[in-house]
Amino acid sequence: MSASLLPSAFADLEPFASRWCLATEPQRWARRLEAGLDDMQEFYDACFPRAEEAIRYCDGFALHDMPEDAERLLQLLCSFALVSYPVEVWRQALPVDTGSARIDRIREP
Amino acid sequence: MTSFPRPAEGTWTAHYPDLGTGPVSFEDSISPQFYEREREAIFRKAWLNVGRIDDLPRNGTWFTKDIVAARTSVLVTRDLDGEVRAFHNVCRHRGNKLVWAGTPAQEACGVAREFACKYHGWRYGLDGGCTYVHQADEFFDIEKDELGLAAVHCEVWAGFIFVNLARTPRQALREYLGPMVGALEDYPFDAMTERYSFRAENNSNWKVFIDAFQEYYHVPPLHTHQLGPSFRDPKATFEAAHYQLDGPHRMVSTSGSHKHLFPEEHLYPSEVLLRSGNMGPWDAPAIDRPLAGVNPGQVKRWGIDNFQIFPNLEILIYERNWYLSYRFWPTSHNTHVFEADLWFTPATNARERLAREYAAVTVKEYALQDAGTLDGTQLGLESRAFTSHPLNDQEILVRHFHKSVADWVAADEGLRAEVGR
């Protein structure tokens with residue numbers, strides 16, 4: 001239990017941390033494609049009511065000098081933003097009518 | 001019926017009578033022969049945007065850009081005096097590709113004082129001059145001073161780096177861009193330095209994807225989901241507020257969806273939570289300079305400017321003070337590489353970072369729908385089931401683009417015939 005990834009105030013999100021604290025969009029996108037919709041719905045439902053508080057927690061630190069657990073919390077929020085589309089909009093992993101298209105994010109801050 | 005005033009002629013298309021109103025052929029998007037003509041007439045003659053000054057953050061930085069359609073790779077450097085220069089990325093000695101990463105087909109970037117050819121060790125400075133010839137004594141009648149890299153015309157406008165592969169460009173860059181695009185020169189692009197970049201390899205002619213981004217007629221049917229379920233109207237139509245043409249360049253302004261002003265019940269929960277979405281982060285950064293060149297039609301409820309800069313650059317400027325740029329690089333008559341960059345003012349805290357992240361996520365979601373139409377369109381056009389296609393007034397930029405491509409190719413071929421090459 002000592003190895004918690006998230007700040008202790010967000011212990012309720014800890015069950016999602018090992019799968020959704022991912023540093024880059026390509027990692028998050030790959031996770032989105034392999035996760036089922038139920039899986040993402042569960043993560044979304046847990047994260048949504050805590051998101052505002054989590055953002056405030058992260059804003060307690062300088063953006064480029066965050067403790068590791070807060071950094072992971074922000075990564076979790078980025079994953080939340082990414083799964084919000086399958087959950088809220090598409091009801092499937094990929095956008096409706098994606099067809100054979102693929103777009104890779106190759107740079108991010 | 002119309003929501004926005006139209007020109008006195010009654011339609012945007014009639015306002016530009018050279019365009020005509022007849023059906024348009026897309027043979028230019030499926031013909032391998034026409035692609036060969038474009039390569040020579042457009043990609044070796046027009047000014048091409050290969051990057052931004054942000055790609056060369058200090059003296060000594062460099063990057064390469066492969067321009068398959070022009071059959072070359074360009075090496076762009078910022079030399080020790082700060083001057084931006086471009087060269088064919090080819091060693092003077094035996095023609096080896098000079099700089100690459102991993103394989104010669106991969107682009108590269110870095111910091112250097114010199115470039116060394118991997119093959120025989122010849123070296124070049126950031127100014128393109130040859131600085132070292134291995135075993136120089138073995139050569140016959142060579143002057144090191146004359147063995148520099150082949151320079152490519154290079155100019156920087158508003159931080160956008162352009163190259164022109166013609167021996168002598170017919171116009172300087174600013175003259176080429178014309179007054180409509182040129183008016184953006186003092187837009188605060190340089191305040192927007194936080195970048196998200198995307199790349200895709202698409203199975204369509206490059207113009208087919210440009211066409212998808214220069215009309216909004218497709219938005220209600222294809223991007224139904226951009227509005228929350230309670231706001232959707234199956235009969236929704238789209239009408240842009242302003243269209244403008246200038247030489248081979250064109251633009252459209254829309255009144256956009258000002259989602260930050262929408263009632264919350266019409267929005268997705270995450271849009272409300274993260275205060276961001278397809279129009280960008282809702283809390284626009286303050287910019288203490290005029291937004292030069294935007295909204296040339298003085299649209300009252302202005303949302304987006306979409307500048308289509310000939311041949312393959314698109315700049316989308318949003319009312320929430322950020323912008324997108326797209327570039328479309330043909331790799332054959334029916335394939336191309338798509339590059340997209342989102343540019344924001346730097347996030348100052350996690351909330352702003354997340355709003356930008358959600359905007360970047362959103363752009364990809366809907367761009368996948370746009371890209372999802374491409375191979376279907378290419379396959380359909382290649383069937384030649386139809387050889388001409390009706391275009392409506394909201395598709396005026398599509399009409400103008402294909403005419404500009406045809407005119408550009410014809411003009412170049414005419415000039416070459418005149419001078420006998």
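The values are calculated or read from the model by the stated rules, or taken from the named source; none is laboratory data. Computed from a prediction, not measured in an experiment: that's the story for all the values here. FYI the Cβ positions are ideal-geometry reconstructions off the backbone, even for glycines, and counts take in every protein chain you see.
Has region B:169-177 got any residue that is hydrophobic (A, V, I, L, M, F, W, C), surrounded by 15 or more Cβ atoms within 10 Å (Cβ to Cβ), more than 14 Å from chain A (Cβ to nearest Cβ) and part of a helix (DSSP H, G or I)? Yes, there is a match, as at least one residue in region B:169-177 is hydrophobic (A, V, I, L, M, F, W, C), surrounded by 15 or more Cβ atoms within 10 Å (Cβ to Cβ), more than 14 Å from chain A (Cβ to nearest Cβ) and part of a helix (DSSP H, G or I). Annotation: residue B:267 fulfils all but one of (1) touching a helix residue (DSSP H, G or I) at 6+ places or on another chain (Cβ under 6 Å); (2) within 14 Å of chain A (Cβ to nearest Cβ); (3) among the hydrophobic types (A, V, I, L, M, F, W, C); (4) without any contact (Cβ under 8 Å) to a residue 60 or more places away in the chain; the unmet one is (1). Residue pairs whose Cβ atoms lie under 6 Å apart, sitting 6 or more positions apart in sequence or on different chains, and linking a residue in region A:78-94 that is more than 7 Å from every other protein chain (Cβ to nearest Cβ) and within 17 Å of residue B:351 (Cα to Cα) to a partner that is in a helix (DSSP H, G or I) and not charged (D, E, K, R), are A:79/A:20; A:80/A:47. Considering region B:257-285, and only residues there that are buried (at least 17 other Cβ atoms within 10 Å of the Cβ) and small (Gly, Ala, Ser), the residue that is modelled with the lowest pLDDT turns out to be B:257.
Identify all residues within region B:367-421 that are acidic (Asp, Glu) and touching a residue at least 40 places away in the same chain (Cβ under 8 Å); write none if there are none. Matches in region B:367-421: B:370, B:375, B:382, B:393, B:395, B:407, B:412, B:413.
Of all residues being among the small types (Gly, Ala, Ser) and either without any contact (Cβ under 8 Å) to a residue 12 or more places away in the chain or out of contact with any Ser or Thr (no Cβ under 9 Å at 6 or more places or on another chain) (or both) in region B:325-366, which is farthest from the other protein chains (Cβ to nearest Cβ)? Just the residue, please. Give the derivation first.
Filtering region B:325-366 for residues among the small types (Gly, Ala, Ser) gives B:325, B:332, B:340, B:347, B:350, B:355, B:359-360.
Filter once more, keeping what is either without any contact (Cβ under 8 Å) to a residue 12 or more places away in the chain or out of contact with any Ser or Thr (no Cβ under 9 Å at 6 or more places or on another chain) (or both): B:325, B:332, B:347, B:350, B:360.
On the way: B:325: 13, B:332: 17, B:347: 6, B:350: 3, B:360: 7 Å.
Within region B:325-366, the match that is farthest from the other protein chains (Cβ to nearest Cβ) is B:332.
Screening residue B:288 on (1) closer than 18 Å to residue B:345 by Cα; (2) among the charged types (D, E, K, R); (3) surrounded by 15 or more Cβ atoms within 10 Å (Cβ to Cβ) shows it passes everything except condition (3). So, in region B:66-90, of the ones that are touching a Phe, Trp or Tyr at 6+ places or on another chain (Cβ under 6 Å) and outside any strand (DSSP E or B), which residue ends up farthest from residue B:334 (Cα to Cα)? Filtering region B:66-90 for residues that are touching a Phe, Trp or Tyr at 6+ places or on another chain (Cβ under 6 Å) and outside any strand (DSSP E or B), the one farthest from residue B:334 (Cα to Cα) comes out as B:70. Checked against the criterion of being within 30 Å of residue B:109 (Cα to Cα) and more than 10 Å from chain B (Cβ to nearest Cβ), region A:97-108 has no qualifying residue. In the condition set (1) acidic (Asp, Glu); (2) surrounded by fewer than 18 Cβ atoms within 10 Å (Cβ to Cβ); (3) away from every other protein chain (no Cβ under 14 Å), residue B:215 is compliant with all but (2).
Residue-by-condition table, conditions (1) without any contact (Cβ under 8 Å) to a residue 40 or more places away in the chain; (2) within 20 Å of residue B:72 (Cβ to Cβ); (3) in contact with a Leu (Cβ under 9 Å, 6 or more places away or on another chain):
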position: B:103; (1), (2), (3): yes, yes, no
position: B:113; (1), (2), (3): no, no, yes
position: B:125; (1), (2), (3): no, no, yes
position: B:139; (1), (2), (3): yes, no, no
position: B:145; (1), (2), (3): yes, no, no
position: B:151; (1), (2), (3): no, yes, no
position: B:185; (1), (2), (3): no, no, yes
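Put simply, of B:62, B:47 the only residue that is modelled with pLDDT of 95 or more, in contact with an Asp or Glu (Cβ under 8 Å, 6 or more places away or on another chain) and among the aromatic types (Phe, Trp, Tyr) is B:47.
Count of region B:379-392 residues, restricted to those that are crowded, with 20+ Cβ neighbours inside 10 Å and in a helix (DSSP H, G or I), is 1. Of the numbered conditions (1) assigned to a helix (DSSP H, G or I); (2) under 16 Å from residue B:65 (Cβ atoms), residue B:107 fails exactly one; give the number of that condition. It fails just one condition, (1).
Residue A:52 - would you say it is in contact with a helix residue (DSSP H, G or I) (Cβ under 8 Å, 6 or more places away or on another chain), under 18 Å from residue B:350 (Cβ atoms), touching a residue at least 60 places away in the same chain (Cβ under 8 Å) and within 12 Å of chain B (Cβ to nearest Cβ)?
no
Buried (at least 22 other Cβ atoms within 10 Å of the Cβ) and under 21 Å from residue B:328 (Cα atoms), is that true of residue B:403?
On the way: buried (at least 22 other Cβ atoms within 10 Å of the Cβ): no; under 21 Å from residue B:328 (Cα atoms): yes.
So residue B:403 does not fit the description; no.
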